[in-house]
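Written below as structure tokens is the structure these notes are about.
The values are calculated or read from the model by the stated rules, or taken from the named source; none is laboratory data. The structure presented is a predicted model; accordingly, all values stated were derived computationally and were not measured. Reconstructed Cβ throughout: ideal geometry from the backbone, glycine too, with neighbour counts over all protein chains shown. Please note that ligands, DNA and RNA were not included when accessible areas were found on the heavy atoms of the full protein model with its side chains. Shrake-Rupley method; radii C 1.70, N 1.55, O 1.52, S 1.80 Å.
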Amino acid sequence: MSALFFAGRLGPLSTANRIVIAPMCQYSATDGNAGDWHFIHLGQLALSGAGLLIIEATAVEDIGRITPGDLGLYSDDNEAALRRVISALRNQSKMPIAIQLSHAGRKASSHAPWDGGASLAPEEGAWQTVAPSALPHAAGEPPPIALDDAGLDRVKSAFVRAAERVVALGLDAVELHAAHGYLLHQFLSPIANRRADRYGGSLENRMRFPLEVFDAVRAALPDRVALGMRLSATDWIADGESWDIEQSVVLARALAERKASFVHVSSGGVSPLQKIPLGEGYQVPFAERIRRESGLPTIAVGLITDPTQADAIVAEGQADFIALARGILFEPHWPWRAAAELGAQVEAPRQYWRSQPRALKNLFGDVRIGQR
Ligand SMILES: Cc1cc2nc3c(=O)[nH]c(=O)nc-3n(C[C@H](O)[C@H](O)[C@H](O)COP(=O)(O)O)c2cc1C
């Protein structure tokens, strides 16, 4: 049987297979509230047969949104809007649901990518961003304010409050976004973190705030809710001080000591000077090393597009799970095709059982399709 379709485990969470739907910002919320688009988009993905759906980067405070259209979980309205979507998903799909909790830090207050992604101008509703240090992401962008102790407490409390809302929504897992140059990654990387206090300088100090957030969120979640972290394994900066795979291993070990449920291994995003050698499965070796050296369940992501490739990553122990982003947007039933190609079975809604091709009799399991 195909390794990709073995049941899996992320801490307390069981999954039907090893396919994860990666978090994908939709920039389609209003004041952080999910709307019609989220029903359609998440609804479609929840019927895909994947083992886990991770809801897009969801801001823990309004100024932590990348764009004004980001999803949020910082208000009662946000919680109520998401509850309607989650309830529809739960009524129609057994897929476990995670959410990525995020704060964009100095990369907040921007246009959506389809509008160019640049910083908002004051007349476009720009807001003051915050970060570990008062350094803009790119030259010419408005500088963030360095968070002081009160600011750090506020952000940490915002993560905790959002986690409490996650519990109230009955979600299965939380992924803390510490990748792609957003706030927690900004603390980790010396490129964005030039602090002289206990949150900057040494590796231990740079890891302190992300780990404090992890601990505080863990304490707010019941044991049944899995908690993991998405990391950028490297900043892809060859010269000068930056975040790299060696430091990522140290962080992953610290997460393992805290009984994290998983690490989701991505890369890049903190510096416009990054040079990323894009290619098939280019981040998989990072996941493999983190898995081997921390012992944590890992999710590999990045240009994993082919079922045989995905199956081999899991079969060879490079990662426990593989995540798909662009590939599953392009082909929302990718897990069905993967199951067909690998001779495995996948869950499909009964309304679609009749789509099972004749030659693949057991694709959807032992389903009975009567005729009238
Ligand atoms: C439309 C879109 C939105 C994304 N939004 C997020 C996000 O909210 N959080 C995140 O960590 N990564 C985000 N990413 C990155 C993906 O999760 C993934 O790591 C990346 O696209 C590489 O995987 P792929 O080659 O399968 O697309 C996004 C990617 C896309 C294409």
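Observations on the structure shown:
- Pick from the range 295-340, criterion farther than 25 Å from Leu255 by Cα, within 20 Å of the chain's Cα centre (by Cα) and assigned to a helix (DSSP H, G or I), ranking: farthest from the ligand (Cβ to nearest atom): Pro335
- Lone qualifier among Ser261, Ser266 - being among the small types (Gly, Ala, Ser) and away from the ligand (no atom under 16 Å from the Cβ): Ser261
- Residue in the range 11-19 that is within 15 Å of the ligand (Cβ to nearest atom), of a type in the set (Ser, Thr, Tyr), in contact with a strand residue (DSSP E or B) (Cβ under 7 Å, 6 or more places away or on another chain) and not in a loop (DSSP other than H, G, I, E, B) present: no
- Count of the range 342-372 residues which are outside any helix (DSSP H, G or I) and open to solvent by less than 60 Å² (accessible area, probe 1.4 Å): 10
- Only listed residue being buried (at least 24 other Cβ atoms within 10 Å of the Cβ), within 23 Å of Lys259 (Cα to Cα) and more than 15 Å from the ligand (Cβ to nearest atom), chosen from Val160, Val166: Val166
- Residues of the range 221-249 satisfying the condition of being open to solvent by less than 60 Å² (accessible area, probe 1.4 Å), assigned to a helix (DSSP H, G or I) and within 18 Å of Leu211 (Cβ to Cβ): Gln247, Ser248, Val249
- Residues satisfying the stated conditions in the range 188-200, i.e. within 14 Å of Trp243 (Cβ to Cβ) and either aliphatic (A, V, I, L, M) or more than 16 Å from the ligand (Cβ to nearest atom) (or both): Leu188, Pro190, Ile191, Ala192, Asn193, Arg194, Gly200
- Matching residues, the range 58-71, being among the aliphatic types (A, V, I, L, M), within 10 Å of the ligand (Cβ to nearest atom) and open to solvent by less than 10 Å² (accessible area, probe 1.4 Å): Leu71
- Residue-level analysis places Leu52 outside the set of residues that are modelled with pLDDT of 95 or more, touching a Leu at 6+ places or on another chain (Cβ under 7 Å) and open to solvent by less than 10 Å² (accessible area, probe 1.4 Å).
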